[in-house]
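For reference, the structure discussed in these notes is given below.
What follows is calculated from the coordinates using simple rules that are stated; it is not laboratory data. Predicted model only: the values in this text are computed from it and were never measured. Every residue, glycine among them, receives a Cβ derived from its backbone with ideal geometry; neighbour counts consider all protein chains shown.
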Amino acid sequence: MRRYHLYGVLALFVAVRANAQDRSAITSEVEAVYGQSEVLYRYLHQHPELSSKEAQTAIKIAGELRQLGFDVTTGVGGTGVVALLRNGPGPTVMLRTELDALPVTENTGLAFASTVVVKNDAGVDVGVSHACGHDIHMASLVGTARIMAADRTRWSGTLMLIAQPAEETVAGARGMLNDGLFTRFPRPDYALAVHDDARFPAGLVGYHAGPILTNADGVIITIYGRGGHGARPESAIDPIVIAARLVVSLQTIVSRENSPFDPAVVTVGTIHGGTKNNIIPDEVKLELTVRSFTPAVRQRLLAAIDRITKAEAAAAAAPRAPKVEVIPGASALVNDPALTERVRAALVRSMAPGLVTEIPPEMASEDFSEFQLAGIPTVMLRVGAVERVKYDAAMKGGGILPSLHSALYAPDREPTMKSAIAAEVVALRDLMPPASKRPAQQQDK
């Protein structure tokens, strides 16, 4: 009994010592590449490009990866980049970053803040900034690529890096798939992504098995009335009043038709109608975003929106039925449970104690789910990006933290990027171990 207990203590000591060595090693590797990643980050931050227009960003990322020895293909699905590094037998693992920025005028006060202004598709001048942190993602991915390319003794297989366009319009992943991402290039065994998170302190690495991000659908509703003089409402049918009632009625879908155990959101984001205060218009247009986690709830929400919209118009004797257009968006992102657990265990072994933690899902959406729908086991990790002092103050009631997509959002770049790079390297090495460390059934893969 004592001998067995001694063996257990020794085994625990060896494991603890090995973990400490792993943490020290990855920290040193990240420190060695961080300076170059920050230079790249500042450049990308100052030169943002809108969705599907990321030509110069793609050229920059492609050039960085070519210099590291990757086999790089550009123009995939528009401006997408695919970079391959083959390193012997083993699995193919895909790591994704996004290229695009947002039509948001930056107001962070940073010395290297974006001052880019372009015309959008409607011909309107808009400020452009990386208010969602895609610059962090790109700079981290290139830092990860440096580490993986520099030491190929720690892994075996094919590393597949993709820089995806048009994530913000949820069109880029589908575009790359339609352009042969998994037929022109190796089909990955796993797909990984990391996203910065404005809810948590910088450097924290969050994981969650199962649904992590939602379905997202857009709905455009046009209410038809009968225009007239604002002083004679009895001679008109006012679509503004119908729209006002509709905005309130739609809120009952979540509060009264959906189980509180099934998260859902119905938000009216825009309402447009009328030209003058004394004119009742002929029509009003509303635009909605609808969020859910499951197909059943998704369909229930959309059906209820259609039913209630038509009922409100009928109740007001509208001259014609409203038009309800559904614009399908992203599908829910579901982290593969087995893959998530494997990556979580590797992160816990290799990163500082307390830095890796489970986090809750959120009602945001994005198109990384397209790769999961294509049959690839996927996992997205979240990396906290809020400066610790600001985070602690907010938790004590001292302020509200800017969210992603805010003009004020500025990630605490150093700890955020360092944790992102470390998490990516650790996950990739665990999924692509050297042949000597793979189970026998995987030796010849």
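Legend: ranking of residues Asp238, Asp392, Asp121 from fewest to most surrounding C-beta atoms inside 10 Å; resulting order Asp121, Asp392, Asp238.
Annotation for segment 138-184: trypsin sites (Lys or Arg not before Pro) lying in DSSP loop with at most 13 further Cβ atoms inside 10 Å of their Cβ are Arg184.
Potential lengthening of the chain between Lys396 and Gln56 amounts to 118.2 nm, from the contour at 0.36 nm per residue minus the alpha-carbon distance.
Take peptides 371-378, 163-170, 213-220, 107-114 and line them up by average Cβ neighbours within 10 Å, highest first, as a rough protection proxy. Walk me through the intermediate numbers first.
On the way: 371-378: 18.9, 163-170: 24.9, 213-220: 22.0, 107-114: 13.6.
With the highest mean Cβ count within 10 Å placed first, the list reads 163-170, 213-220, 371-378, 107-114.
How much length, in nm to one decimal, is gained on full extension between Thr294 and Ala374, taken as 0.36 nm per residue of separation minus their Cα-Cα distance?
Numbers: separation 80, 0.36 × 80 = 28.80 nm, distance 1.76 nm.
Gain on stretching Thr294 to Ala374: 27.0 nm.
Dipole magnitude for segment 215-328: computed about the Cα centre from +1 point charges on Lys and Arg Cβ and -1 point charges on Asp and Glu Cβ, it is near 80 debye. Distance between the pseudo-spin-label points of Thr267 and Asp71 (7 Å out from Cα toward the beta carbon): 4.3 nm.
Determine, from the Cβ-Cβ distance of Glu362 and Asp151 and an R0 of 35 Å, the FRET efficiency 1/(1 + (r/R0)^6), rounded to the nearest 0.05. If you can, show how the numbers build up before the last one.
On the way: r = 35 Å, r/R0 = 1.00.
My answer for the efficiency is 0.50.
Across segment 95-162, the mean sequence separation of Cα contacts (distance under 8 Å, 6 or more residues apart), normalised by length, yields a relative contact order of 40 percent. Each peptide in 175-182, 48-55, 204-211 receives the mean, over its residues, of other Cβ atoms within 10 Å, and ordering these scores from highest gives 48-55, 204-211, 175-182.
The mean of 1/r over all pairs of different alpha-carbon atoms in the chain, once inverted, gives a Kirkwood hydrodynamic radius of 24.0 Å. Looking at segment 269-413, the pairs of alpha carbons with a distance over 28 Å make up 48% of the total. With one equal scatterer per alpha carbon and no solvent term, the Debye-computed log10 I(q)/I(0) for segment 215-328 at 0.22 1/Å reads -1.13.
Report the calculated FRET efficiency for Arg42 and Asp121 (r = Cβ-Cβ distance, R0 = 35 Å), to the nearest 0.05. Intermediate results must be reported in sequence, preceding the final value.
On the way: r = 28 Å, r/R0 = 0.81.
Rounded to the nearest 0.05, the efficiency is 0.80.
Could you sort out which of Lys53/Lys396; Lys396/Lys418; Lys60/Lys285; Lys276/Lys310 sit more than 30 Å apart by Cα distance in this structure?
On the way: Lys53/Lys396 41 Å; Lys396/Lys418 27 Å; Lys60/Lys285 41 Å; Lys276/Lys310 26 Å.
Going by Cα-Cα distance, Lys53/Lys396; Lys60/Lys285 fall outside the 30 Å limit.
Relative to the longest principal axis of the Cα atoms of the chain, the long axis of helix 413-431 makes an angle of roughly 60 degrees.
The angle separating the long axis of helix 337-350 from the principal Cα axis of greatest extent in the chain is about 50 degrees. Using θ = phi - 60° in the Karplus curve 6.51 cos²θ - 1.76 cosθ + 1.60, the 3J(HN,Hα) couplings for segment 381-398 round to 9, 10, 10, x, 10, 9, 3, 4, 4, 5, 5, 4, 5, 5, 5, 8, x, x Hz; x is entered for Gly and Pro.
Model label sites at His405 and Ser436, defined 7 Å from Cα along the beta-carbon direction, differ in position by 5.0 nm. This model, with +1 at the C-beta of Lys and Arg and -1 at the C-beta of Asp and Glu, gives segment 312-445 a dipole about its Cα centre of some 380 debye. Structural descriptor for the chain: relative contact order 23 percent, calculated from alpha carbon pairs under 8 angstrom and at least 6 residues apart. Using C-alpha pairs below 8 Å separated by at least 6 residues, the relative contact order for segment 134-277 is 12 percent.
Taken along the Cα-to-beta-carbon direction at a fixed 7 Å, the label points for Ala317 and Glu31 span 7.9 nm.
Please work out how much length the chain gains when fully extended from Gln251 to Lys285, using 0.36 nm per residue of separation minus the C-alpha to C-alpha distance, in nm with one decimal.
Details: separation 34, 0.36 × 34 = 12.24 nm, distance 1.74 nm.
Length gained, Gln251 through Lys285: 10.5 nm.
A Förster radius of 22 Å combined with the Cβ-Cβ distance from Lys276 to Ala244 puts the calculated FRET efficiency at roughly 0.75.
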